[in-house]
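Chemist: Right, I'll just put the structure down here and ask away after.
The values are calculated or read from the model by the stated rules, or taken from the named source; none is laboratory data. Predicted, not measured: the structure shown is a model, and the values here were computed from it. Cβ placement follows ideal geometry from the backbone for every residue including glycine, while neighbour counts extend to all protein chains displayed.
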Amino acid sequence: MDLINNRGKTKSNPNVFIFLFDASCFPKTATGITFLVNFILVNFYICPCFSDIYAGDRIDPYFTARPNPVTNYDQWGHYPIMYQDPNRPLEPINKYDPRYSAVTPNTYNRYRIEDPGDLRCREAVKEGLLEFATVTTPYGTVEGRVVYLCDEPGVPEHERPRPAQYVPIGAPHKYRPITQFRRNVTAFLGIPYARPPTKKNNLRFKRTSVPDQWGSIRADRYRAACPQYKRYIHADLGIPFTDEDCLYMNIFTPWAATPTRSLYPVMIYIHGGHFDHGSGNIFPGHMLAATQEVVVVTFNYRLGLLGFLATSDNSSAGNYGLFDQMQAINFVREVIVNFNGDPNRITLFGPDAGAASAGLLAMSPLTRRYIKRVIAQSGAAVADWAIIKDPLYMRNNTVIAGRAFGCSTRTSYILVECLKSRSATDFTTTEIKPDVGWLAWAPVVDKYTRTHDSQLLPELPEVILNKRLLLFDPDFAYMSGVTRDEGSQSLFSDEELQKRNYETNPDLFAKHVKEYVKIYNYTLDQERLISAITFMYSPWNDPENKTLIRQGIIDMITDSWYTAPNDKMVKLMLKNNVVTYMYMLNYTIQGLNLPSWLGVPHDTEYLLASGAPFMDPRFYPKALKLDLAQWTEQDRNISQLLMETWANFAKKPVCTPTAWNCGPTPYALFNTIIWKPMSLENLQYLAINSTNYTTNIPFTSDWENTDWTLITFPYSTSTMWRNYKQKSAQFWNSYVPLLVGSAPITWMPTVEPYLDELRIYRAATWSILATLIVLLFFTLMCSCLYCRAKSYRDTEEYVPVPVLDQPYAPASARANSENNLNYIQTMRLRNNNEYIPQSPQVMMNNSNHKTRSMEKLYSPRYDRHTEV
């Protein structure tokens, strides 16, 4: 035992075993000399070799190596599991030193250790434990908490912690105190990764922007989740409150106090919730990070209307939630090295909407070069619900939302501005339920609503994969899978079925089918679709069996929402030469005591991949009631299997025909389980049932083949099968679209960016030109009218008198002059005024400024021929 506990000293202190022998202890004989030589060989050569093997040194760059030898190496803890790699200190004290074994910290220090950690081993709290870790980033410093864990895979049953409620009343001697911690992890909770997209900052319905400098923050608690419907907000659900200022990130790293010799792979968890609810805060990454030596990152992103409002034009282009996810990835790449994470080995994983988002980001031109792995749990980017294809559907949902919020207008710009004026609370109390379609809010194609350099989804994922418009990185790999009874969760939350104690009948089955086909509202013959679904999922062997009818509804939801999209996605990935793995989770968690008809519900991976059988229930939402769980050995094994395969997939290189030590199972897990990649000729997948050895079980490699073969040799129930539900998948992927039929998707030309800009420029140009023409016309008219009015205002009478420039004018001119004189005489007599003829020079001076612009008028000039 001392040899194992001090294996870290072996190389750094070669004389560690010198005190064990002395020349005087051995006889001076040949036998004694031989014994002495053998002892030296064992101590100096064989023991160091075994120590290195046990410690995890391997000739493999993808394995995390041990840190360089440091002084006082006794303070570094031990790792009892051989396949783990000690790349960090476990505890900053030597827990085997008797000086520390009985020392208890004061109340305040004890609280700081117990508050974020596992409370099932209070006796393990001692003086000298590290409490905080500070990390410096380009945006400022952040202080996290060191969390100590009491359990891990491989711990013998008699050394496992037991919750207080398992202590028999009146028999306290049955409680076994745990006096040492097994693992630790440094948690940084609530790190802002973007500017708050709030109404106050004028960032609502806008693309995500980088965060401001925060100086120094203490990341010791979860922040608010993003606004979502009120029925999802409750402390027992893990979402006690929401706020529009919600773009925060949680980082769980195995070690952050000091740099490590090699960087940890990064696994980013994108939470599910069908794009309208959920939070990254409900996924505790402690156990996955601590036991598998990876950095786990969770985060929030905008949901529902605030995250995916799309008007099919430039007023609101949509995909704001996806831009939050893209900013989270960019932020991780920028700062994760400060947390000992590797920015060049990023894996995205998550359920339903998180799985679809991971696939979309892996194909987006803005993010695909940063993502090396994708683990899609019960979701696919090519699912009909994962992306809204029809711009008319987007427009219709926007109008419905506008009416619900008191913004009744069909003008997109006015509607969006009206929604910007609403408070964040309004978006939690008003729920939008479209009568048709899969989901009210989801990602959209932004090819026609954004400029080329900011398009997150320039084309439909299915089109990209079918036409091979994208060349994936050779190091990229894809993993996906489903659970056996995904749809049982929908029935479990159905209020009508709850009142009926979850009993069904043929009438209820028909009602569910009729409500379900509303998704395909564009079909002209819904009766044919209803008949096809009824034929596919009715229990024809026993039509009145309520249990089989209920299972038919579960299978209908499972296949249409999850099985068929997953089948389509893996085949398209294989078509694009991507290394692809698939699983089918067929294991029912025994410790939860769920109703048997639930089977393996949706997102069962959440508990297993996060290590719930090893964790304190306080890390999970109270609504799950994990404090009442009685985890079995099989539950622990399956959880260990998922954590290991998920982490190995993120850490190991892509499997090729010549590669070794690669993929999710670089070695046989539990000595029997080997997970192999798929191919178009061999659609094989790992059926996760248990880790037991089994003999004499009926076995077939084809899920829907009835030709069973009996095997008689020891076999693990988690093994490779092939062709999972191909008939059901093709029913939804091929037959239903052919039966339903749909109009081709067309976008109005006015929403295309270049045409839209050209239309605006043309309209502005013609408007300005028309305005100038009108202004010029009115200017000329006003000038003419002004001149005419001024000429009449300055003279009392208009007297046209010819101008006689010559001394002897012709007779016609003289006659005109005589007529003018007669007219003047007449006017004089009419006014009874004495008329005094003026001299020609005076008359000319008085009328020159009035008549100069009139070419047909002549200034009067005195002439002797006109003198009377």
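Chemist: Looking at (1) buried (at least 18 other Cβ atoms within 10 Å of the Cβ); (2) out of contact with any strand residue (DSSP E or B) (no Cβ under 6 Å at 6 or more places or on another chain), which is the only condition residue 453 fails?
Modeler: (1)
Chemist: So, of the residues in the range 389-415 that are under 25 Å from the mean Cα position of the chain (by Cα) and either of a type in the set (Gly, Ala, Ser) or surrounded by 20 or more Cβ atoms within 10 Å (Cβ to Cβ) (or both), which turns out to be farthest from residue 358 (Cα to Cα)?
Modeler: So the residue we want is 401.
Chemist: For the range 211-220, check the following and say yes or no: at least one residue is under 18 Å from residue 283 (Cα atoms), assigned by TED's automatic domain parsing to the domain that holds residue 623 and assigned to a loop (DSSP other than H, G, I, E, B).
Modeler: Quick first cut of the range 211-220, residues under 18 Å from residue 283 (Cα atoms) only: 219-220.
So of that shortlist, the ones also assigned by TED's automatic domain parsing to the domain that holds residue 623 come out as 219-220.
Keeping just the survivors that are assigned to a loop (DSSP other than H, G, I, E, B) gives 219.
Yes, because at least one residue in the range 211-220 is under 18 Å from residue 283 (Cα atoms), assigned by TED's automatic domain parsing to the domain that holds residue 623 and assigned to a loop (DSSP other than H, G, I, E, B).
Chemist: Kindly provide the set of residues from the range 417-451 that are of a type outside the set (S, T, N, Q), in contact (Cβ under 8 Å) with a residue 60 or more places away in the chain and assigned to a helix (DSSP H, G or I), ordered by number.
Modeler: 419, 420, 427
Chemist: Hey, could you check the range 615-659 for residues that are of a type in the set (Gly, Ala, Ser) and in a helix (DSSP H, G or I) and say which is surrounded by the fewest Cβ atoms within 10 Å (Cβ to Cβ)? Can you show your working first?
Modeler: Filtering the range 615-659 for residues of a type in the set (Gly, Ala, Ser) gives 623, 629, 639, 647, 650, 659.
Cutting the leftovers down to in a helix (DSSP H, G or I) gives us 623, 639, 647, 650.
Details: 623: 11, 639: 26, 647: 23, 650: 25.
Looking at the filtered set, the residue picked out is 623.
Chemist: Related question: Quick one: which residue in 696, 692, 733, 705 is under 29 Å from residue 528 (Cβ atoms) and either assigned by TED's automatic domain parsing to the domain that holds residue 573 or at pLDDT below 90 (or both)? Show your work before the answer.
Modeler: Numbers: 696 fails: under 29 Å from residue 528 (Cβ atoms); 692 fails: under 29 Å from residue 528 (Cβ atoms); 705 fails: under 29 Å from residue 528 (Cβ atoms).
Criteria check complete, one pass: 733.
Chemist: From the list 533, 557, which one is crowded, with 20+ Cβ neighbours inside 10 Å, of a type in the set (A, V, I, L, M), closer than 16 Å to residue 378 by Cβ and in contact with a helix residue (DSSP H, G or I) (Cβ under 8 Å, 6 or more places away or on another chain)?
Modeler: On the way: 533 fails: closer than 16 Å to residue 378 by Cβ.
The unique qualifying residue is 557.
Chemist: While we're on this one: Can you pull out every residue in the range 458-491 that is out of contact with any Leu (no Cβ under 8 Å at 6 or more places or on another chain), under 16 Å from residue 352 (Cβ atoms) and hydroxyl-bearing (Ser, Thr, Tyr)?
Modeler: Across the range 458-491, the qualifying residues are 480, 490.
Chemist: Taking residue 620 as meeting all but one of (1) farther than 24 Å from residue 157 by Cα; (2) aromatic (Phe, Trp, Tyr); (3) within 26 Å of the chain's Cα centre (by Cα), write down the number of the exception.
Modeler: Status for residue 620: all satisfied but (1).
Chemist: Considering only the range 657-666, how many residues are without any contact (Cβ under 8 Å) to a residue 24 or more places away in the chain and closer than 16 Å to residue 719 by Cα?
Modeler: Of the residues in the range 657-666, the ones without any contact (Cβ under 8 Å) to a residue 24 or more places away in the chain are 657-660, 662, 665-666.
Right, trim to closer than 16 Å to residue 719 by Cα and you get 665-666.
Looking only at that region, the number is 2.
Chemist: Also, quick follow-up: Give, as residue ranges, the helices (runs of 4 or more DSSP H) completely inside the range 505-614 that count at least 2 residues that are in contact (Cβ under 8 Å) with a residue 12 or more places away in the chain and under 20 Å from residue 687 (Cα atoms). Step through it out loud before you land on a result.
Modeler: Details: elements: 506-516, 526-537, 546-558, 564-575, 605-609.
It comes to 546-558, 564-575, 605-609.
Chemist: Could you go through the range 269-281 and let me know if any residue there is touching a residue at least 12 places away in the same chain (Cβ under 8 Å), β-branched (Val, Ile, Thr) and crowded, with 20+ Cβ neighbours inside 10 Å.
Modeler: Quick first cut of the range 269-281, residues touching a residue at least 12 places away in the same chain (Cβ under 8 Å) only: 269-281.
Pick out the ones that are also β-branched (Val, Ile, Thr) and you get 270.
Narrowing further to those that are crowded, with 20+ Cβ neighbours inside 10 Å: 270.
Yes, that holds for at least one residue.
Chemist: Filter the range 245-300 down to the residues that are of a type outside the set (Val, Ile, Thr), assigned to a loop (DSSP other than H, G, I, E, B) and in contact with a Pro (Cβ under 6 Å, 6 or more places away or on another chain) and list them by number. Give the steps one after another, and end with the answer.
Modeler: Step one: filter the range 245-300 for residues of a type outside the set (Val, Ile, Thr), giving 245-250, 252, 254-257, 259, 261-265, 267, 269, 271-281, 283-290, 292-293, 299-300.
Retained after the next criterion (residues that are assigned to a loop (DSSP other than H, G, I, E, B)): 245-247, 254-257, 259, 261-263, 271-279, 283-285, 293, 300.
Across the range 245-300, the qualifying residues are 245, 261, 272, 293.
Chemist: From the list 237, 263, exactly one residue is surrounded by fewer than 20 Cβ atoms within 10 Å (Cβ to Cβ), modelled with pLDDT under 95 and closer than 24 Å to residue 376 by Cα. Which is it?
Modeler: Numbers: 263 fails: closer than 24 Å to residue 376 by Cα.
Unique residue meeting the criteria: 237.
Chemist: Out of the residues in the range 416-448 that are aromatic (Phe, Trp, Tyr) and buried (at least 19 other Cβ atoms within 10 Å of the Cβ), which is nearest to residue 355 (Cα to Cα)?
Modeler: Selected residue: 441.
Chemist: May I ask you to verify whether residue 314 is surrounded by 24 or more Cβ atoms within 10 Å (Cβ to Cβ), within 20 Å of residue 449 (Cα to Cα), at pLDDT below 95 and not hydrophobic (A, V, I, L, M, F, W, C)?
Modeler: Working: surrounded by 24 or more Cβ atoms within 10 Å (Cβ to Cβ): no; within 20 Å of residue 449 (Cα to Cα): yes; at pLDDT below 95: yes; not hydrophobic (A, V, I, L, M, F, W, C): yes.
When the stated conditions are applied, residue 314 does not pass them.
Chemist: So is residue 371 among the β-branched types (Val, Ile, Thr), touching a Pro at 6+ places or on another chain (Cβ under 7 Å) and buried (at least 18 other Cβ atoms within 10 Å of the Cβ) or not? Let's see the steps before the verdict.
Modeler: Values: among the β-branched types (Val, Ile, Thr): yes; touching a Pro at 6+ places or on another chain (Cβ under 7 Å): no; buried (at least 18 other Cβ atoms within 10 Å of the Cβ): yes.
No, not satisfied.
Chemist: Within the range 571-578, does at least one residue satisfy the condition of being surrounded by fewer than 17 Cβ atoms within 10 Å (Cβ to Cβ) and assigned by TED's automatic domain parsing to the domain that holds residue 502? Spell out how you get there, then give the answer.
Modeler: Initially, the range 571-578 is screened for residues surrounded by fewer than 17 Cβ atoms within 10 Å (Cβ to Cβ), giving 575, 577.
Next cut, assigned by TED's automatic domain parsing to the domain that holds residue 502 only: 575, 577.
Within the range 571-578, one or more residues are surrounded by fewer than 17 Cβ atoms within 10 Å (Cβ to Cβ) and assigned by TED's automatic domain parsing to the domain that holds residue 502.
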